[in-house]
Amino acid sequence: EENALSYYYWLVAGLTDSQLGYGIKPVDLRHRFLTGFDAPMNTAHGLSKYPYIREARRIVGRPAYSHPQGFMINEIDISRVNYDDEYYQTQLPGNMYLSLRRALAGLATATAIDTDQSAADIPRRTRSTIFPDSLGIAQYAIDFHPCMQLSPPELPGNTERSGVRRAHGQSYPGQIPLRAMIPQKIDNLLVAGKSIATSTIAAAAYRVHSFEWSVGIAAGATIDYALDNQLLPYTLVDNLPRPEPGLLDLQKRLQESGNPTAFPDTSIFNLDWEDWRVW
C-alpha cells in the first residue's frame, strides 16, 4: 500500500526521472485521489481490496510423448532470439547447446540427428512450434522489465544492468495448446489465463489481453464440448501424436465459430514471418 501511494505521489508531484534527470518531469496536479466507501474502490484508503499479482502461479502439464517431465510451452517454441550468439555457445555445455540447435531445426531435425551434424551446421526454423492440439492463438514479445544498476530505480542517470534481459525480444506468432491447460492430477478442471503451463520466459509472451481472450474461449469451448460428449478433456490429447478425432472435432467447432486455432498461413513449410512483429 505504501508503494502504491508513493507511486501516486510521484506521478502527480514527483520531479525526478531516471532517464531525464531532475526537474524535467512535469508536475500534474489535475489528478484526484478518491477515497472512501463511496469511491470506485469502495475502500477507506482508496486502494484496491486485493493486491494485483502480475506473476501468477503456473501449472506444469501432464507428462507426454514429447514432454516426459510434464508439458510446457518453452522459450524456444516462440522466440526469435539469435541462438547463434556467442553467449549461448560459451555458457551452455556442448551437448546441451547441440540439443538446443536440434530442437530448433524444424524439418531438418531428423537429418541433423541421423548425420550427426555439428551445432554450427544445423539450420534454424524461423517459425514457432506448431502444436497439434492448438485451441487458440497468441503473440506478444518476450518482454522483461529491466533491472536497474542503482536503488531506488528512479535515481537520475540510472541505467539498466547489462546482460540480465538475455531472453528479451521478439517472438513468432504462437498457439495455445490444450495440453497447457490440463493439470497433472485433476481430470475435471481446465486452467486458463496466465496460469497455463509455460516456462518463466515464455510466460512473458502469454500474458496480454488478446491471449487471455483466446484462451478463455478455448477453455469454455472445451468444457462445452466435454459436457456434450460426456468425456474429460485429457482424453482429447492422451494419444498424441497419434490422431485424436475428438480433438479435431473440437478444433473445427472453434474455427467455425470464428475463433482461429492458428495464424494465417501457419504450416511447417512456411518460414516467412518477418511481417509479424509486435513492435
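Among the residues of the range 64-105, which ones are modelled with pLDDT of 95 or more, under 30 Å from Leu178 (Cβ atoms) and over 20 Å from the mean Cα position of the chain (by Cα)?
Correct list: Met96, Ser99, Arg101, Arg102, Ala105.
Output the qualifying pairs, or none if there are none: Cβ atoms under 6 angstrom, residues six or more apart or on different chains, first residue in the range 60-79 and at positive phi, second residue in a loop (DSSP other than H, G, I, E, B).
Gly70/Val60; Gly70/Gly61; Gly70/Pro63
Check off (1) more than 30 Å from Asp224 (Cα to Cα); (2) of a type in the set (S, T, N, Q); (3) surrounded by 13 or more Cβ atoms within 10 Å (Cβ to Cβ) for Gln139 and give me the number that stays unchecked.
Condition not satisfied by Gln139: (1).
Name every residue in the range 182-211 that is part of a helix (DSSP H, G or I) and either among the charged types (D, E, K, R) or under 9 Å from the mean Cα position of the chain (by Cα) (or both), in order of residue number. Please lay out each step first, then the result.
In the first step, residues of the range 182-211 are kept if they are part of a helix (DSSP H, G or I); the result is 193-195, 202-205, 209-211.
Scanning the range 182-211 gives Lys194, Ala202, Ala203, Ala204, Ala205, Phe211.
Just to verify a result, which residue in the range 96-134, among those that are of a type in the set (D, E, K, R), farther than 22 Å from Glu274 by Cβ and not assigned by TED's automatic domain parsing to the domain that holds Asn74, is surrounded by the most Cβ atoms within 10 Å (Cβ to Cβ)?
It comes out as Arg102.
Between residues in the range 1-22 that are farther than 21 Å from Cys147 by Cβ and residues that are hydroxyl-bearing (Ser, Thr, Tyr) and assigned to a loop (DSSP other than H, G, I, E, B), which pairs lie under 8 Å by C-beta distance while being six or more apart or on different chains?
Within 8 Å, the pairs are Leu15/Tyr22; Tyr22/Thr16.
The values are calculated or read from the model by the stated rules, or taken from the named source; none is laboratory data. Since we're looking at a predicted model, the values are computed, not measured. Counting neighbours? That spans all protein chains shown, and the Cβs are built from the backbone with ideal geometry, glycine included.
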